[in-house]
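*Asks:* Before I ask anything, here is the structure I am working with.
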Amino acid sequence: SIYMSTSHKTSKRVYFLTNILCFSSFIFFFPSIQISFAMILSKKLIFVLFLSISLFLVPASAIRGFVEKPRNIKIDGYLNYVESPEYRNSQECPILDSNLLICDPSLIHVAMTLDVKYFRGSVAAVHSVLKHSSCPENVYFHFVASKNKDFQELRQMVKSIFPSLSYKVYSFNEFRVKKLISSSIRQALDNPLNYARTYLAEIIQPCVERVIYLDSDVVLVDDIQKLWSISLTGSRIIGAPEYCQANFRTYFTNNFWSDPKLSNVFQGKKPCYFNTGVMVMDLGKWRKGDYTVKIEKWMKIQKEKRIYELGSLPPFMLVFGGEIEGIDHRWNQHGLGGDNLVNSCRTLHPGPVSLLHWSGKGKPWVRLDKGNPCPVDLLWMPYDLYRLSSIDSFDDQEPRAMI
C-alpha cells in the first residue's frame, strides 16, 4: 500500500526497501523488544531509525532456501501469492522416520484454521514459524477449514505457496457447533470456525497427543521449539500466558455470578484471563477427560441463560480457568489489532517478544492495504507473501533473497 501510488519501476524499489527496513528492525529489536523505547518514537522517527539500521546492519546467514525469482501463484479467484522460500533443517535436528509420517515423535504439531477472510494472515503466520524455526522440516501443520465451496481452493493454495510444507487439511463439521453458538458482541466471533479449537482432539489423529494452537493473526519472531518444549505439569491440559491483572468477573454476566450453581465452578480456584489464540494443548489428556463435551455443556447453558458475551473464549475459561499452565507473556503479545469497538493503534507491552498477536478488530493486512498502518503493522510485513496486483510481479526484478 505504501508503493501503490508510485510508478511501476519505483514501486518495486520502494517495496524492496520497505522489506529491508522492516527486516532490519527485527535484527535490532528482537528478541528483546522494549516498550519504553517504542513509545517515545514517532512514526517518522521510526522510519528514519529503520533506514539508519539498514545502512549499517547485514542480516546473518542461516540454513534457509532462497528464491531468485519468486513464483507468482494465482488460482481461480485468489490474487497472487509469492511462493515461500524452502526452509531446511540444521544438522542438529532430529532425523524424521519416513515410515511414521504424522505420528513421528520428533514432529512439532501446529494447528490453525483456514478461511478466505483470514487466509492471508494464516500464510504470514506459517511463514513466520518456518523462518524462525531451528528445525522447520520437523514442524507439521494441521489446518482446519469449513467444508464449503472454498475448501479445495484453500487446500491447493497452501500446497502452491508452501510446496515443501508438511501438513494436512481437515474439513470441519460446522453443523455440530452451529446449534450451540450464541450471538456475541462481534459478529466475526460467531463464525463456527472460531470453535474448531474445541474439537482438535477429535479432528486430529489419536497418535498426535500434543499441539500448539495458533490464531491466524499472529507471527512468531522466535523458535517455535521453545514454545513446544514447555512442560504441562500435573493435570494441566492447556498452557498459555495468563493475565491476572484483568478483571475476570467482566467476562461473565450477572446471570452467571448471581447463580451459585454456575459461579461455584471457580470455587477454590484463582482463575485468570487467558487468550485462546495461543495455546499449548495436551490432546491426550483432553481426550481422556472428554473436555469437548464439557465445553459444549457450558455452551448449552449459555443458550438458555446468557452467561457471557464473547464467543468461544468464555467456555474455555469456565472449563480451564484457574488450571492453566502459565507461560511467559512474551509468547502472546496480544491486542495489537486495537480496541474491539474502535480501530485504534496499540503499542507493544513491556518486555521481550516471541509472538505478536493482532487480536482485536484491526488486522495488519487490512490497514496496510488502506495505506494507514499502525506502527506495529510494519513488524508483520516481512512475513506477508501476498501481492496486491500483477504490477508487483518480481519476474523481471534482479535476484534477491526472500525475507
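*Asks:* Check cross-link reach from K149 to the aspartates and glutamates: straight Cα distance under 13 Å, and skip same-chain residues fewer than eight apart.
*Replies:* D76, D115
*Asks:* With each pseudo-label sitting 7 Å past Cα toward Cβ, what's the I230-N372 distance in nm, one decimal?
*Replies:* In this crude spin-label approximation the distance works out to 3.5 nm.
*Asks:* Go through K297/K363; K147/K178; K147/K226; K117/K168; K117/K297; K147/K168 and tell me which ones have a Cα-Cα distance over 22 Å in this structure.
*Replies:* Over 22 Å apart, Cα to Cα: K297/K363; K147/K226; K117/K297.
*Asks:* Students often forget the sequence filter, so: which aspartates and glutamates lie under 20 Å Cα-Cα from K370 once same-chain residues fewer than 8 apart are removed?
*Replies:* Candidates past the 8-residue exclusion: D217, D339, D384, D392.
*Asks:* Put one equal scatterer on each alpha carbon of segment 229-352, apply the Debye formula with no solvent term, and list log10 I(q)/I(0) at q = 0.10, 0.20, 0.21 1/Å to two decimals.
*Replies:* Relative scattering, expressed as log10 I(q)/I(0), comes to -0.34, -1.27, -1.35.
*Asks:* Heavy-atom accessible area of H132 with all protein chains present, probe 1.4 Å, nearest 10 Å²?
*Replies:* Accessible surface of H132 is approximately 50 Å².
*Asks:* While we're here: For segment 211-232 and segment 263-342, what is the separation of their Cα centres, given in Å?
*Replies:* Centre-to-centre distance over Cα atoms comes out at 18 Å.
*Asks:* Now for a separate question. Cut-off under 20 Å on the C-alpha distance; same-chain residues fewer than 8 positions from K300 excluded. Which aspartates and glutamates are left, in chain and number order?
*Replies:* E174, D190, E202, D259, D290, E309
*Asks:* Sorted by accessible area with a 1.4 angstrom probe, largest first, how do L100, L214 fall?
*Replies:* Most to least solvent-accessible, the answer reads L100, L214.
*Asks:* Which shape class, rounded, prolate or oblate, goes with segment 315-363 when its Cα gyration tensor gives a ≥ b ≥ c as root eigenvalues, a/c under 1.5 marks rounded, and past that a/b bigger than b/c marks prolate?
*Replies:* oblate
*Asks:* What is the sum of charges around Y140, taking Lys and Arg as +1, Asp and Glu as -1, for the other residues whose C-beta is under 14 Å from the C-beta of Y140?
*Replies:* Cβ neighbours under 14 Å give a net charge of -2.
*Asks:* Then there is this: Non-local amide H neighbours of H109 (under 5 Å, H modeled in plane, Pro and chain starts lacking H): which ones?
*Replies:* Y140, I212
*Asks:* OK, next. Could you please put Y213, Y140 in sequence from largest to smallest accessible area, using a 1.4 Å probe?
*Replies:* Y140, Y213
*Asks:* Further question: What accessible surface, in Å², does a 1.4 Å probe find on F266, ignoring ligands, DNA and RNA and rounding to the nearest 10?
*Replies:* 20
*Asks:* First select every other residue whose beta carbon is under 14 angstrom from the beta carbon of D282; then total the charges, Lys and Arg +1, Asp and Glu -1.
*Replies:* +2
*Asks:* Related question: Length gain on complete extension for the stretch D190 to S90, per 0.36 nm per residue less the alpha carbon to alpha carbon distance?
*Replies:* Difference between extended and current length: 31.8 nm.
*Asks:* When a/c reaches 1.5 or more, the comparison of a/b and b/c decides; with that in mind, is segment 332-385 rounded, prolate or oblate per its Cα gyration tensor?
*Replies:* oblate
*Asks:* Please give, to one decimal in nm, the separation of the simple spin-label points placed at E153 and Y243, each 7 Å out from Cα toward the Cβ.
*Replies:* 3.5
*Asks:* Beyond 21 Å, how much of the Cα-Cα pair distribution for segment 80-214 remains, as a whole percent?
*Replies:* Value for segment 80-214 (Cα pairs over 21 Å): 45 percent.
*Asks:* Can you bin segment 187-269 into rounded, prolate or oblate? Criterion: square roots of the alpha carbon gyration tensor eigenvalues sorted a ≥ b ≥ c, rounded for a/c under 1.5, prolate for a/b above b/c, oblate for the rest.
*Replies:* It is prolate, given that a/c is not under 1.5 and a/b is the larger ratio.
*Asks:* What nm distance separates the two modelled labels at S182 and Q267, each placed 7 Å from Cα along Cα→Cβ?
*Replies:* A separation of 2.2 nm, rounded to one decimal place.
*Asks:* Starting at the first residue of segment 152-161, write each ³J(HN,Hα) from the Karplus equation 6.51 cos²θ - 1.76 cosθ + 1.60 with θ = phi - 60°, in whole Hz, x for Gly and Pro.
*Replies:* Computed from phi, the couplings for segment 152-161 are 5, 5, 5, 4, 5, 5, 4, 4, 6, 6 Hz.
The values are calculated or read from the model by the stated rules, or taken from the named source; none is laboratory data. Bear in mind that the values here come from a model prediction, so they are computed numbers and not experimental data. Note that we place each Cβ from the backbone using ideal geometry, even for glycine, and neighbour counts take in every protein chain shown. Only protein heavy atoms, including side chains, enter the accessible area calculation; ligands, DNA and RNA are left aside. Shrake-Rupley method; radii C 1.70, N 1.55, O 1.52, S 1.80 Å.
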